[in-house]
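Notes follow the structure.
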Amino acid sequence: MKLATVYGSPTPPGKMARALGLVERHVRQAHPGWTAERVAPREAVGPVAASWDDDAVRRIGEADAVVLASPVYRGSFTGTLKLLIDMLPNEALRSKPVGVLTVAAAPQHFLSAERHLRDVLGWFGALTAPNSAFLVDSELRTDDVAATVRADLSAFAEQVVTLAENLNGRQFGPDPLTVRYAKKAAG
């Protein structure tokens with residue numbers, strides 16, 4: 001099975017990439033039948049957004065589960081991640097387990113990006129993991145990440161993997177509104 005982790009930031013890999021690396025490492029070590037593959041944007045053209053290759057859409061669509069990672073930026077997720085989400089066809093996330101990992105400068109931002117991502121994922125009919133991972137960036141300052149943070153990221157990864165393994169390819173209904181209206185327009 002395959003986990004796609006999405007680095008949803010326009011900035012070079014840093015603290016959030018360290019957190020994603022811990023999630024990926026846990027999945028590879030604890031679940032030998034799984035691969036964990038990072039999907040990242042091309043180099044940023046500005047301070048806020050970076051672009052994605054079409055290959056990113058394919059890799060997310062082929063994954064059995066996805067982790068979307070974003071820093072909290074102005075009270076939400078990044079424009080870079082929004083650009084990728086806008087490229088995805090509905091079926092790329094439909095009935096697929098998706099975990100939300102956010103990193104912020106202060107604990108007071110813990111729900112802002114997560115709330116917005118959950119709303120967007122609901123539009124796709126994704127199966128958003130019940131517990132997200134939120135980290136304050138100071139917890140990821142060095143490679144020497146605290147055992148409690150490592151344990152939280154492992155537990156986060158476990159719920160996403162467990163959801164995917166128990167789905168067995170099942171689809172859940174009813175269809176999201178976007179799918180229903182597309183069917184009406186086509187038929």
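Here the stretch 94-126 is the region considered, the condition is being part of a helix (DSSP H, G or I) and of a type in the set (A, V, I, L, M, F, W, C), and the residue that is surrounded by the most Cβ atoms within 10 Å (Cβ to Cβ) is Ala113. Of all residues in the stretch 122-138, those that are under 25 Å from Arg18 (Cα atoms) and in contact with a Gly (Cβ under 9 Å, 6 or more places away or on another chain) total 6. Of the residues in the stretch 97-107, at least one is of a type outside the set (A, V, I, L, M, F, W, C) and closer than 28 Å to Tyr181 by Cα. For the stretch 127-143, filtering for residues that are touching a strand residue (DSSP E or B) at 6+ places or on another chain (Cβ under 8 Å), of a type in the set (S, T, N, Q) and not in a loop (DSSP other than H, G, I, E, B) leaves 1. Residues that are closer than 24 Å to Leu163 by Cα and either among the β-branched types (Val, Ile, Thr) or in contact with a Leu (Cβ under 9 Å, 6 or more places away or on another chain) (or both) within the stretch 95-112 comprise Ser95, Lys96, Pro97, Val98, Gly99, Val100, Leu101, Thr102, Val103, listed in sequence order.
Yes or no, residue by residue, for (1) modelled with pLDDT of 95 or more; (2) in contact with a Lys or Arg (Cβ under 7 Å, 6 or more places away or on another chain):
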site	(1), (2)
Lys2	yes, no
Tyr7	yes, yes
Thr11	no, no
Gly14	no, no
Leu20	yes, yes
Arg28	yes, no
Ala36	yes, yes
Glu43	no, no
Ala50	no, yes
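With respect to (1) over 17 Å from the mean Cα position of the chain (by Cα); (2) more than 30 Å from Asp54 (Cβ to Cβ), the lone exception for Thr162 is condition (1).
Summed over the stretch 47-65, residues that are under 22 Å from Ala182 (Cβ atoms) and touching a strand residue (DSSP E or B) at 6+ places or on another chain (Cβ under 8 Å) total 2.
Scanning the stretch 164-178 finds one or more residues that are at pLDDT 95 or above and either buried (at least 19 other Cβ atoms within 10 Å of the Cβ) or within 16 Å of Ala19 (Cβ to Cβ) (or both). What about Val179, is it of a type in the set (Val, Ile, Thr) and under 20 Å from the mean Cα position of the chain (by Cα)? Taking the combined requirement at face value, the residue does not satisfy it. The condition of being touching an Asp or Glu at 6+ places or on another chain (Cβ under 8 Å), assigned to a loop (DSSP other than H, G, I, E, B), surrounded by 12 or more Cβ atoms within 10 Å (Cβ to Cβ) and not charged (D, E, K, R) does not hold for Val149.
The values are calculated or read from the model by the stated rules, or taken from the named source; none is laboratory data. Please read these numbers as outputs of a predicted model, since none were measured by experiment. As a convention, Cβ positions derive from the backbone with ideal geometry for all residues, glycine included, and neighbour counts pool all protein chains shown.
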